[in-house]
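Here the structure comes first, spelled out in structure tokens, and everything after it is commentary.
The values are calculated or read from the model by the stated rules, or taken from the named source; none is laboratory data. Quick caveat: nothing in here was measured; it's all calculated off a predicted structure. Here the Cβ is made from the backbone with ideal geometry for all residues, glycine too, and neighbour counts use every protein chain on show. To get the accessible areas, we keep the full protein, side chains included, count just its heavy atoms, and leave off ligands, DNA and RNA. Shrake-Rupley method; radii C 1.70, N 1.55, O 1.52, S 1.80 Å.
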Amino acid sequence: MAAGFSAWKVNQQYAVNDRTTLNGKHYLCLVAHKSNSANNPKGAVKFWKRYET
């Protein structure tokens, strides 16, 4: 896992610019929110942006 990235988790509070990983891909948080299965980085483009390291 790249430095500064943590694994994405359900019921986690995320702030703008937090970085996470899911299925080996990196994402940057765009909107502060509490995560749930519907707003995961892979499917919720309004919450997350793919981040290239």
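Quick notes
- Computed over the chain, the P(r) tail beyond 12 angstrom holds 56 percent of alpha carbon pairs.
- Mean accessible surface per residue for the chain, computed with a 1.4 Å probe while every protein chain stays in place, in Å²: 66
- Sites excluded, trypsin sites (Lys or Arg not before Pro) in DSSP loops with at most 13 other C-beta within 10 Å, longest stretch of the chain: 10-41
- The relative contact order of the chain, computed from alpha carbon pairs under 8 Å that lie at least 6 residues apart in sequence, is 33 percent.
- Carbon/sulfur fraction of accessible area - the chain, other protein chains in place, 1.4 Å, %: 50
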